[in-house]
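Before any comments, here is the structure.
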Amino acid sequence: MSYMLVGILIYVGLQLLVGVWVSRFIKTEIDYLLAGRKLGYWLGTFTIFATWFGAESVIGSSGAIYDGGLAGGSADPFGFGLCLIGMGLVFAVPLWKRKLTTLADLFRQRYSPGIERLAVLMMVPGTLMWASAQILAFGQVLTASSELELEIAITIAAAIVIAYTVLGGLLAVAWTDLIQGVVLIFGLVALLVLLILNVPDLSAVWSQVDPQRLSLRQPDGTSWLDRIDIWAIPLCGSVVAHELVARVIATRSPEVARRACVTAGSMYLGFGMIPAFIGIIGLHLMPGLEDSEQIVPLIAQEYMPTLLYIIFAGALVSAILSTVDSTLLVASSLVSHNLIVNQNPGMAEKQKIGWARIMVVAFGITAWFVATNAEGVYDLVVDAAAFGTAGLFTIVVFGLFSKKGGPLAAGLTLVTAMAVWLSATYIVELSWAFLLSLICALTAFGTGVLAEKQFGLTQPDQASSQ
């Protein structure tokens, strides 16, 4: 077993110990799922940053930029970074004031229990794709750090992540996110400094970069619909991701929620430029890579001394763990809280936590299966951000900022958007499938509102009437 692998496993072990220690304070379902709604500014900022700045931000985006220049990274880091800032400026305060336990609670309050359950069924698959992307990336790191086969590495990664997530709730995750965020920033900055100091004649390497690779403009021949779609997925699709919403509603005040999101988004854009830079010059430092998503681990191995590389590998593991434990916790919370606990109002707190942990194991195994059959990290993340989220985004916006629309409008919107996206993506193979599904979602909601007025089917917002 290599020193690299031993170092990574020791690092992961320390993360597990932190999770175990903090998890002693978990007494209720709210403690487990939302850290008791007590996250302050620093914990809130770092848990949002570390959760969002995952495998795709380092491994996936650098590989996409290695292949296609900065245009390949339109979604990440640029789109996802702006998504966090948009959450802070627009959605954080109204979401926090709803006193939700999960995002699906909004749909029960604003529309109906039926819409709540339908939304859960549509949200869980995207969350599992996100978890699978992180597990696959963990396998990539282990493969680059040892002689393990990728399939074996993915299996080890899944087992570690499942155990880590079961042990801790959001409180444990938030504290480990703080540690992971600091380690990740240190690792990325150290890699950038060593790269600058050790690459012979870096200015000459940079001069060889094709200017077109430094443009966010998509290649000639890309339609304006495709260009809008590329930005719409992270900006509209990811802003309603429950991984993000859970952190917003777990903070101790609406002002903390807003500031934490804006700060985390700014950090995302700033530190996300380091993998982007490596992807740009990596094509000249290591041309012809068969797997472009290996560029950052390979560059780190080439230019970092052993000890620093172990720390950097720990930083990559940090980025992955901080995202995957959150995604598994989110999938678990949606099913356990909205489909099981809400149907059994007299359930004891210990049972609620128990169901959440059982779901973590079930979804962890499912994510492992998806990861072993996936083609790449970046594609998994983009699919996760687009899966059914056009309809969710539409009913969240109207649910928070308008009294128009009831169960019929919401249900028609969710079903229409999902059907259009699945058909356009996997049958027609339309490149701007998300944009089309978003347009159809807005149309469906408007149609539903008209039908509700015609037949008198709308109902008052439960939250506003309580």
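The values are calculated or read from the model by the stated rules, or taken from the named source; none is laboratory data. Values in this document were obtained by computation on a predicted structure and should not be read as measured data. Glycine gets a Cβ as well: all are built from the backbone with ideal geometry, and neighbour counts include every protein chain shown. The area values use the complete protein model at the heavy-atom level, side chains included, leaving out ligands, DNA and RNA. Shrake-Rupley method; radii C 1.70, N 1.55, O 1.52, S 1.80 Å.
Taking every Cα-Cα distance in segment 144-298 and sorting them into 5 Å bins from zero, the calculated P(r) comes out as 1, 6, 10, 14, 16, 18, 15, 12, 7, 2, 0 percent. Considering only GluC sites (Glu not before Pro) in DSSP loops that have at most 14 other Cβ atoms within 10 Å, the longest stretch of the chain without any of them is 1-146. For segment 189-332, with all protein chains present and a 1.4 Å probe, just round the carbon and sulfur fraction of the accessible area to a whole percent. For segment 189-332, the apolar C and S fraction of the accessible surface comes to 62 percent. Based on DSSP H segments of at least four residues, each scored -39500 (n - 2.57), the chain has a per-residue ellipticity at 222 nm of -23500 deg cm²/dmol. Site pair Gln454 and Trp42 shows an inter-label distance of 5.9 nm when each label is modelled 7 Å from Cα along Cα→Cβ. Here the label points at Arg117 and Leu192, each 7 Å from Cα along the C-beta direction, are separated by 5.0 nm in the simple model.
Relative contact order for segment 1-156: what percent, with Cα pairs under 8 Å and sequence separation of 6 or more? Value for segment 1-156: 23 percent. Using the Karplus relation 6.51 cos²θ - 1.76 cosθ + 1.60 with θ = phi - 60°, the per-residue 3J(HN,Hα) values for segment 59-74 come to 7, x, 5, 5, x, 5, 6, 4, 7, x, x, 4, 4, x, x, 4 Hz, with x marking Gly and Pro.
One quarter of the surface of the convex hull around the alpha-carbon atoms of segment 96-190 equals 8.5 nm², the direction-averaged projected area.
Converting phi to 3J(HN,Hα) with the Karplus coefficients 6.51, -1.76 and 1.60 and the offset θ = phi - 60°, segment 79-93 yields x, 5, x, 5, 4, 5, 5, x, 4, x, 6, 10, 9, 4, 5 Hz in sequence order, with x at every glycine or proline.
Rank Leu184, Leu100, Leu214 by how far each Cα sits towards the positive end of the charge dipole of the chain (+1 on Lys, Arg Cβ; -1 on Asp, Glu Cβ) and give me just the farthest. With unit charges placed on the Cβ atoms, the residue in question is Leu100. Using equal-weight Cα scatterers in the Debye expression, the normalised intensity of segment 5-129 in log10 at q = 0.18, 0.21, 0.22 Å⁻¹ is -1.31, -1.35, -1.35. As a fraction of the 1.4 Å probe accessible area of segment 1-133, surface on carbon and sulfur atoms comes out at 71 percent.
The P(r) of segment 224-282 has a tail past 17 Å containing 58 percent of all C-alpha pairs. Modelled spin-label separation between Asp201 and Ser402, with each label point placed 7 Å from Cα along the Cα-to-Cβ direction: 6.1 nm.
Across segment 116-124, coupling constants 3J(HN,Hα) worked out from phi with the 6.51/-1.76/1.60 Karplus curve, θ = phi - 60°, read 4, 5, 4, 5, 4, 4, 8, 7, 4 Hz, and Gly and Pro carry x. Let me check against my output: what whole-number percent is the relative contact order of segment 106-227, with C-alpha pairs under 8 Å and at least 6 apart? About 10 percent, as a whole number. Note: relative contact order over the chain, using C-alpha pairs below 8 Å and six or more positions apart, is 33 percent. How would you classify segment 92-144 from its alpha-carbon gyration tensor, with a ≥ b ≥ c the square roots of the eigenvalues: rounded for a/c under 1.5, else prolate if a/b is greater than b/c, otherwise oblate? The shape class here is oblate. Per residue, the accessible area of the chain comes to 38 Å² when a 1.4 Å probe rolls over the protein heavy atoms. Charged side chains reduced to their Cβ positions (Lys and Arg at +1, Asp and Glu at -1) give the chain a dipole of some 2300 debye around its Cα centre. Taking amide H as placed 1.01 Å from N in the peptide plane, Gly69 has no amide H partner under 5 Å among residues 5 or more places away or on another chain.
With Cα Rg over 2.2 N^0.38 Å defined as stated, name the option among [x] 1.19; [y] 1.01; [z] 0.95 computed from the structure displayed. Answer by label: [z]. Do any of Lys97/Lys404; Lys97/Lys403; Lys352/Lys404; Lys99/Lys403; Lys27/Lys99; Lys99/Lys352 go past 25 Å between their Cα atoms, and which? Checking Cα-Cα distances, Lys352/Lys404 exceed 25 Å. Using every pair of distinct Cα positions in segment 278-370, the Kirkwood expression returns a hydrodynamic radius of 16.4 angstrom. Sorted largest first, the principal axis extents computed over the alpha-carbon atoms of segment 388-443 equal 36, 17, 14 Å.
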